[in-house]
Amino acid sequence: MIRNLDGVSVYFDPAHFSAETLERIQTFPVTAVIKEMLFHTLRWSDKSGEKMPVEQTFFQALFLLCQEQMKQKAAETFTLPRVTHPSLARTMDSALADPGHASLTQALHQAGMSERSFRRHFLNETGMTWQAWITQARLFHAATLLAEGQRVTDVSAEVGYASLSAFAKAFTHLLGQSPVRFRKSQESN
């Protein structure tokens, strides 16, 4: 069995989805459980007309897990919310100028707030934690640099990742494709 595939296409009966969901093809990262379940499906032939109860239960569980991942991915948008609070806006502007070197310590200093107040105000205004926001800011900056044709290793360091594998994992999770593939797709466009 070949396990080093770049992608797998899975088709579900459209009757199980809303009309809005059916308007587009959706990609989403698969968890380790879903991945193993997809490989496990290869043991059953689709020629066998009527499914055994264990097959029906298995495919229903796989469908529900995939549906959960699709909903989660749809809820995650690649946006950076802005704030109205002047201290937080100043902090965001500074972080966006150099996201690879932005830190919570700097953010607290620039905002002139205690950590507790900063976290509370930041979450209330953005709906995100500081760490989630700065991670997205870094990856947004990385996508821009990759689209300009810069090398993945250089971009990883530029946006503050000490480990290339951690950068690749975070980038792939948020954008749905590896940094290398993203860069190639931008070059072909």
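Quick notes on this structure:
- Phi-based couplings in Hz for region 144-159 (Karplus 6.51, -1.76, 1.60; Gly and Pro marked x): 5, 5, 5, 5, 7, x, 6, 5, 4, 5, 5, 5, 4, 5, 4, 8
- Hydrodynamic radius by Kirkwood, which averages 1/r over all alpha carbon pairs of region 90-189, in angstrom: 14.2
- In this structure Thr84 has an accessible area near 120 Å², from a 1.4 Å probe over the protein heavy atoms.
- Cα shape, region 69-146, gyration tensor, a/c 1.5 rule: oblate
- Accessible area of region 50-189 belonging to carbon and sulfur atoms, whole % at 1.4 Å probe: 55
- Accessible-area rank, largest first, for Trp130, Trp44: Trp44, Trp130, with all protein chains present and a 1.4 angstrom probe.
- Cα gyration tensor, region 150-189 - rounded (a/c under 1.5), prolate or oblate: oblate
- Per residue, the accessible area of region 120-189 comes to 54 Å² when a 1.4 Å probe rolls over the protein heavy atoms.
The values are calculated or read from the model by the stated rules, or taken from the named source; none is laboratory data. Predicted model, so just to flag it, every value in this text is computed and none were measured. Note: areas computed on protein heavy atoms with side chains; ligands, DNA, RNA excluded. Shrake-Rupley method; radii C 1.70, N 1.55, O 1.52, S 1.80 Å.
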